[in-house]
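The values are calculated or read from the model by the stated rules, or taken from the named source; none is laboratory data. Computed from a predicted structure; not experimentally measured. Cβ placement follows ideal geometry from the backbone for every residue including glycine, while neighbour counts extend to all protein chains displayed.
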Amino acid sequence: MKLRSVIATVAAAAAFLSLAPSARADSFTEACMLGSNPGSGMGKTCECMSARIPAESRADAAEALRRSWEHLQKNSSAIDPSTLPQNLMKGLQQAVLAQSYCM
């Protein structure tokens, strides 16, 4: 009985760990896809970009893309990166670098 619970715990941990990277990719990809047609080629570009964003910049890159999209919707112009906090500027820079590679 004890071995059975250990196996179940290990299986649950493995399942959780296997989902963690995809959850991060979903968050970044969702931010990347804002305003894009899901049937367009942007999905592949966002997947490529997602694979190129360093782990330590992923959350900041996703948030920078969301803020950039919101700014564009409100002001009809691109966001000035210098108006972002330092961590989001770095995240936006990572997204731009990834986009240039993936386009």
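Looking only at the stretch 5-40, count how many residues are at pLDDT 70 or above and either farther than 28 Å from VAL96 by Cβ or exposed (fewer than 10 other Cβ atoms within 10 Å of the Cβ) (or both).
Of the residues in the stretch 5-40, 4 are at pLDDT 70 or above and either farther than 28 Å from VAL96 by Cβ or exposed (fewer than 10 other Cβ atoms within 10 Å of the Cβ) (or both).
Among the residues of the stretch 52-85, which ones are assigned to a loop (DSSP other than H, G, I, E, B) and in contact (Cβ under 8 Å) with a residue 12 or more places away in the chain?
Initially, the stretch 52-85 is screened for residues assigned to a loop (DSSP other than H, G, I, E, B), giving 53-54, 76-80, 84-85.
Once the filter is applied, which keeps residues that are assigned to a loop (DSSP other than H, G, I, E, B) and in contact (Cβ under 8 Å) with a residue 12 or more places away in the chain, the stretch 52-85 yields ILE53, PRO54, ILE79, LEU84.
Filter the stretch 44-103 down to the residues that are farther than 17 Å from MET33 by Cα and of a type in the set (Asp, Glu), then identify the one that is surrounded by the most Cβ atoms within 10 Å (Cβ to Cβ).
GLU56
Within the stretch 91-100, can you find the residues that are in contact with a helix residue (DSSP H, G or I) (Cβ under 6 Å, 6 or more places away or on another chain) and of a type outside the set (S, T, N, Q)?
GLY91, LEU92, ALA95, ALA98
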